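Below you'll find the structure, written out as structure tokens, and then a few comments.
The values are calculated or read from the model by the stated rules, or taken from the named source; none is laboratory data. Everything numeric here is computed off the predicted structure, so don't read it as measured data. Note that each Cβ is placed from the backbone with ideal geometry, even for glycine, and that neighbours are counted across all protein chains shown. The area values use the complete protein model at the heavy-atom level, side chains included, leaving out ligands, DNA and RNA. Shrake-Rupley method; radii C 1.70, N 1.55, O 1.52, S 1.80 Å.
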Amino acid sequence: QVQLVESGGGLVQAGGSLRLSCAASESIWLNDMGWYRQAPGKQRELVAVFSSGGFTNYADSVKGRFTISRDNVKRTVSLQMNSLNPEDTAVYYCNARRRTLVYWGQGTQVTVVS
């Protein structure tokens, strides 16, 4: 079972930046790695995904502002978040997926204040 540990969340002013990191306990070479977020009272939603084949996909709301990256050797996936706005406030979760296996981190809080 892959364990995922997120870090890098915090409080930031609107227009600022944060970088989230996720460390995996096992190899992620064959996993699609992603970031999801869940705001209070809302469903969890996909933010960005970096497939095992090297493709990336982003939610429309973060395109041009967020960048996902992965390092298979270090077993990490990161999310660089720029131009943050209050609507980005949520708990951000790291996700690893391979076929029917899905793993989640514990989440890290991101709060953007205006």
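One table, with the values for the structure above:
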| read-out | value |
| --- | --- |
| One residue from Glu6, Glu45, Glu26 being within 10 Å of the chain's Cα centre (by Cα) and among the charged types (D, E, K, R) | Glu6 |
| Flag for Ser17 being over 20 Å from Gly107 (Cβ atoms) and touching a residue at least 12 places away in the same chain (Cβ under 8 Å) | no |
| First in the stretch 90-108 and over 22 Å from Leu11 (Cα atoms) and of a type in the set (A, V, I, L, M, F, W, C), second anywhere and in a strand (DSSP E or B) and open to solvent by 90 Å² or more (accessible area, probe 1.4 Å), Cβ under 9 Å, 6 or more apart | Ala96/Trp104 |
| Residue count for the stretch 24-55, restricted to those that are open to solvent by 50 Å² or more (accessible area, probe 1.4 Å), of a type in the set (A, V, I, L, M) and either over 15 Å from Arg98 (Cβ atoms) or touching a Cys at 6+ places or on another chain (Cβ under 8 Å) (or both) | 1 |
| Tally, over the stretch 59-95, of residues that are touching a strand residue (DSSP E or B) at 6+ places or on another chain (Cβ under 8 Å), under 21 Å from Gln109 (Cβ atoms) and of a type in the set (Ser, Thr, Tyr) | 6 |
